[in-house]
Amino acid sequence: MVVRTLSGPAPKITLPKGAVDTQMHMYLPGFPALPGGPDLPAGTLPDAEQYRSFMKWIGIDRVIITQGNAHQRDNGNLVACLSEMGEVARGVAVISADTNDRDLDALADAGVVGARIMDLPGGAVGLEALEDVDARASARNWMVAVQFDGSNIGDHEERLSRLKSRWVLDHHGKFFCGVTPQSPQIDVLKRLIDTGNCWFKFAGVYESAKSAGPDYEDVAAVAREIAAFAPERIVWGTNWPHNLAKTTADYPDDAALADTVLGWFADDAARRLALVSNPETLFNLPAFTAA
């Protein structure tokens with residue numbers, strides 16, 4: 001059983017106004033898990049009401065809701081979540097070469113601005129569909145979120161460098177082999193960023209870190225390197241509701257986690273880029289204006 005903390009002392013690092021959480025999942029009643037994917041998250045469904053409380057606690061103003069693997073290629077839950085959250089939310093859906101234009105139109109009308117590639121167990125559409133998804137996304141000015149085991153990123157460099165869409169390498173690259181700033185995988189990442197349409201996402205550090213929290217020093221070293229190398233190409237996400245956590249004891253302290261990850265940026269200006277300006281560019285969001 002998981003009980004999620006949704007309020008408490010704010011992070012010590014104050015998030016800038018207009019901050020975008022670019023990586024999270026949300027689940028509403030009536031949308032069961034589908035074959036091929038994982039179960040729904042443990043505990044009470046992490047729905048819009050819970051997430052609004054979380055936003056207020058952490059200091060988040062806008063959100064990108066990513067289609068969860070539990071729902072595979074059925075975007076119904078995502079569309080319902082976007083409707084529930086309203087103008088502060090946009091979505092990243094699962095599409096394929098077979099998704100028809102009418103369905104793509106409906107997704108766009110619902111607030112979808114991107115498509116997801118998830119080439120890990122439980123993912124709905126993997127790297128085999130990369131070019132097809134990129135073609136559909138680029139035709140609509142959508143971005144593509146790409147997640148795979150970055151240990152072998154060199155094997156995919158040529159394909160990734162040809163993507164037409166703006167795209168983001170998810171979850172700190174998920175270099176499961178373990179890397180340092182001097183590793184060849186990081187050289188590949190830098191070359192991809194230099195193509196001009198590749199971003200790098202700080203989210204879910206605990207999923208690939210070899211070093212223990214709260215510092216996650218191996219991932220931190222790479223994160224600092226990339227943040228210094230290309231501050232205009234970093235985005236950030238909470239990875240709420242931390243679907244891998246199966247018990248309350250496993251559930252991270254979100255305020256402390258935010259402080260850890262946001263501390264990898266050089267200063268407030270770099271954080272504002274990563275949390276406001278960069279996601280506006282990557283996800284084609286309107287410029288933030290305070291209510």
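Going toward the positive end of the dipole of region 1-134, with +1 on Lys and Arg Cβ and -1 on Asp and Glu Cβ, which of Ile64, Leu107, Ala10 do you reach last?
Looking along the dipole axis, the top candidate is Ala10.
How much length, in nm to one decimal, is gained on full extension between Ala108 and Phe176, taken as 0.36 nm per residue of separation minus their Cα-Cα distance? Walk me through the numbers before you get to the answer.
On the way: separation 68, 0.36 × 68 = 24.48 nm, distance 3.38 nm.
Length gained, Ala108 through Phe176: 21.1 nm.
Could you work out the relative contact order of region 1-60? I mean the mean sequence separation of Cα pairs under 8 Å and 6+ apart, divided by the number of residues, in percent. Let's see the in-between values first.
Values: 49 pairs, mean separation 35.6, N = 60.
Averaging sequence separation for qualifying contacts and normalising by length gives 59 percent for region 1-60.
Roughly how many nanometres apart are two label points built 7 Å out from the Cα toward the Cβ at Ser96 and Asn141?
Modelled inter-label distance: 2.9 nm.
With point charges of +1 on the Cβ of Lys and Arg and -1 on the Cβ of Asp and Glu, referenced to the Cα centre of region 220-278, which listed residue (Ala220, Pro231, Ala266) lies farthest in the positive direction of the dipole?
Pro231
At a Förster distance of 22 Å, what's the computed FRET efficiency of Leu45 paired with Arg73, Cβ-Cβ distance as r, to 0.05?
On the way: r = 20 Å, r/R0 = 0.93.
Once rounded, the FRET efficiency stands at 0.60.
What are the GluC sites (Glu not before Pro) within region 69-138 that DSSP puts in a loop, where the Cβ has at most 11 other Cβ atoms within 10 Å? Please list the in-between numbers first.
Details: sites: Glu84, Glu87, Glu128, Glu131; in loops: none.
Answer in residue order: no site qualifies.
With a length cut of 27 Å (Cα positions projected on each helix's long axis) and a Kyte-Doolittle mean of at least 0.5, go through the chain and give me the DSSP H helices that pass.
Working: long enough: none.
Length and hydropathy pass: none found.
Viscosity 1.567 mPa s, temperature 4 °C: Stokes-Einstein D of the chain from its Kirkwood Cα radius, in µm² per second? Can you show the working numbers first?
Details: Rh = 18.9 Å.
Here the translational diffusion coefficient equals 69 µm²/s.
Taking a spot 7 Å from the Cα of Lys246 along the direction of its beta carbon, which residues of region 36-54 have an amide N less than 15 Å from it?
38-43
Are any of the pairs Lys210/Lys246; Lys12/Lys164; Lys56/Lys190; Lys164/Lys210; Lys17/Lys246 more than 30 Å apart by Cα-Cα distance, and if so, which?
Details: Lys210/Lys246 20 Å; Lys12/Lys164 39 Å; Lys56/Lys190 35 Å; Lys164/Lys210 33 Å; Lys17/Lys246 32 Å.
Going by Cα-Cα distance, Lys12/Lys164; Lys56/Lys190; Lys164/Lys210; Lys17/Lys246 fall outside the 30 Å limit.
At a 10 angstrom cut-off on C-beta neighbours, averaged per residue, how do the peptides 119-125, 88-94, 264-270, 99-105 rank from highest to lowest? Walk me through the numbers before you get to the answer.
On the way: 119-125: 16.7, 88-94: 22.9, 264-270: 15.1, 99-105: 12.7.
So the peptides 119-125, 88-94, 264-270, 99-105, ranked by packing, come out 88-94, 119-125, 264-270, 99-105.
Taking the C-alpha atoms of region 80-202, how large are the radius of gyration and the largest Cα-Cα span, Dmax, in Å?
14.9, 46
Computed from the coordinates by the stated procedures, all read-outs in this text should not be read as laboratory data. Small disclaimer: the values here were computed from a predicted structure and weren't measured. Cβ atoms come from the backbone with ideal geometry, glycine included; neighbour counts cover every protein chain shown.
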